[in-house]
Amino acid sequence: MDRRFRFTLSGRIFLVSLLNLVLIACVLAVFMRFQYRFDLRTFLIAPAQDRILSTARQVALELRDADPSTWDQLLQRYGDAHQVELRLVDDDGRPIAGPTSPLPPKILQSLDRHSGAQNRTSPLLFLGSTDHPDRHWIGIRIPVPSQTPHHHIRGVLIAAAPSLFTTPFLFDPNPWIAVAFALILVSILCWLPFGHQLVRSISRINRATGQIAEGQFKIQLPVTRRDELGQLSASINRMATRLDGYVAGQKRFLGDAAHELCSPIARMQVAVGILERSSDPSLRETIADLNDDLQHMSNLVNDVLSFSKATLRGPEIALDRILLDEVVATVIAREAGPARDVRSAVPQNLWARANRDLLERALANVIRNAIRYAGEAGPITVSATRHQQQIILSVADCGPGLPDPDLDRIFDPFYRLDTSREGGSGGVGLGLAIVKSCVEACRGSVACRNLPQRGLAVEIALPSAEHPATTVPAPVEMQTS
């Protein structure tokens, strides 16, 4: 069993569109970085810039009213609240308050490069990162009170955090989540109509080819598209029409040939009977063999006629509400006789929708097949269960079963096993093919499987015709022997 996860076509289309957006964003970011010296980190913290500047202004106001000896505690309090390390330095990087450890050279270079900028539109000076220590740094220019009354010097409030994306003070994910959601929504709205039409067309073609594989050629796909899928639908329609004509002609020829053979075979059987009564006793054994061969030919022709009639029935056949236990009892009484152990375990008041004549013919062929090949191995049991909207009618024997590769092929016309269960039974390989044709004409399906211990079960699935008030009591055993 293949346990690998499989994406649906709709899922693949969605993932490809999402990947397309990601690739476009990456290409755009690389272009902006190298063409316009665009700093992606500055772009990422832009939504949080107002909060950063607001905090810096609050720090500046409290520094103005606080005693310089308490500035370290003030920065510590704000740093703990925002999960960052805050320090206050002058334009040259000398510490004013907060940690006194020297700044990394890279940050000092950024500070020196921006220290001479007098006409900046934003007090946000720089954003950088270092590896030793592994920190992300951001500098904000704020006024710092000096020893001279009513005089301020320029200072830089520096915030350091170990991570950019996990520090709410530096990065606010909510706007980016909203942007990503909007992009995904736009992508869905753009791709959904195309993907829906594509998947619907492919699903329709898939169902049609599946029906053709099951031998149902009377299909016509709508040819509304003007692309390759529309051309494929038109080609499938032509193929189905040609196949339907070939198969119908073949079946009609088979039925006509079998019908034409009936009369000469009947005349030969009459002639052999007359010859047997008037011939020399030494020739009677030869005449008996000839009569057996004619009888075999007659059975073959009758089977061919039955198969031809079953397969040439149209799909518009009327279905009736059938009481299954009555049908099973009738077929068992007609096919099994008192010498065969065929049992019915079909619940009473179990209704199916089918054509009674076709259902009786199919069930009779299955029971006759089981008696022929496994009648001596043990009892043959006919049972039925209701599964959702279907009735499963099963005929199980106690024979040797079938090789697994042959379980699906035994319903093909004229198919006979190389190592057959039949021995010298004289079957021609049309019994189960007739069963399949009759069941499919009743809008059902048929399959067979080997039983766990021993035996073969042929299962016929029919549409359920249960009345809402119908109850299904326990099965009632019926034995004919």
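The values are calculated or read from the model by the stated rules, or taken from the named source; none is laboratory data. Quantities reported herein were computed from a predicted structural model and do not represent experimental measurements. Note: ideal-geometry Cβ built from the backbone for every residue, glycine included; neighbour counts use all protein chains shown.
Which pairs have Cβ atoms under 7 Å, sit 6 or more apart or on different chains, and link a residue in the stretch 65-87 that is more than 10 Å from A97 (Cα to Cα) to one that is assigned to a loop (DSSP other than H, G, I, E, B) and of a type in the set (V, I, T)?
Once the first residue is more than 10 Å from A97 (Cα to Cα) and sits in the stretch 65-87, its partners that are assigned to a loop (DSSP other than H, G, I, E, B) and of a type in the set (V, I, T) give Q83/T167; V84/T167.
Take the residues in the stretch 329-349 that are crowded, with 16+ Cβ neighbours inside 10 Å and free of Cβ contacts under 8 Å to residues at least 60 places away in the same chain; name whichever of them is farthest from A441 (Cα to Cα).
Only one residue fits best here, namely E335.
Restricting the search to the stretch 350-364, which residues are surrounded by fewer than 24 Cβ atoms within 10 Å (Cβ to Cβ) and outside any loop (DSSP other than H, G, I, E, B)?
W351, R353, R356, D357, L358, E360, R361, A364
Which ones in the stretch 414-458 are at pLDDT 75 or above, part of a loop (DSSP other than H, G, I, E, B) and in contact with a helix residue (DSSP H, G or I) (Cβ under 6 Å, 6 or more places away or on another chain)?
Correct list: C442 only.
Considering H467, H387, which residue is under 17 Å from L324 (Cβ atoms) and either modelled with pLDDT under 80 or not assigned by TED's automatic domain parsing to the domain that holds E326 (or both)?
Matching residue, one of H467, H387: H467.
Under 7 Å by Cβ, and 6 or more places apart or on different chains, what pairs join a residue from the stretch 209-236 that is closer than 27 Å to I434 by Cα with one that is of a type in the set (G, A, S)?
I212/A240; F217/A240; I219/A208; I219/A240
Those residues that are touching a residue at least 60 places away in the same chain (Cβ under 8 Å) and either surrounded by fewer than 14 Cβ atoms within 10 Å (Cβ to Cβ) or outside any helix (DSSP H, G or I) (or both), I need them from the stretch 166-187; list them, please.
T167, P168, F169, L170, F171, D172, N174, P175, W176
Which residue out of D292, D325 is among the charged types (D, E, K, R), assigned to a helix (DSSP H, G or I) and not assigned by TED's automatic domain parsing to the domain that holds S464?
D292
Identify, please: which residue in the stretch 223-233 is surrounded by 11 or more Cβ atoms within 10 Å (Cβ to Cβ) and not aliphatic (A, V, I, L, M) and is, among those, modelled with the lowest pLDDT?
R225
Can you name the residue in the stretch 332-349 that is of a type in the set (G, A, S) and in a strand (DSSP E or B) and, of all such residues, is nearest to G431 (Cα to Cα)?
S344
Yes or no: the stretch 368-376 includes at least one residue that is crowded, with 16+ Cβ neighbours inside 10 Å and under 20 Å from R443 (Cα atoms).
No, the stretch 368-376 has no match at all.
For the stretch 256-292, which residues satisfy the criterion of being acidic (D, E) and exposed (fewer than 13 other Cβ atoms within 10 Å of the Cβ)?
Hits for the stretch 256-292 are D256, E260, D280, E285, D289, D292.
Kindly indicate whether any position in the stretch 238-255 is surrounded by 16 or more Cβ atoms within 10 Å (Cβ to Cβ), closer than 30 Å to P413 by Cα and free of Cβ contacts under 8 Å to residues at least 24 places away in the same chain.
Looking through the stretch 238-255, none of the residues is surrounded by 16 or more Cβ atoms within 10 Å (Cβ to Cβ), closer than 30 Å to P413 by Cα and free of Cβ contacts under 8 Å to residues at least 24 places away in the same chain.
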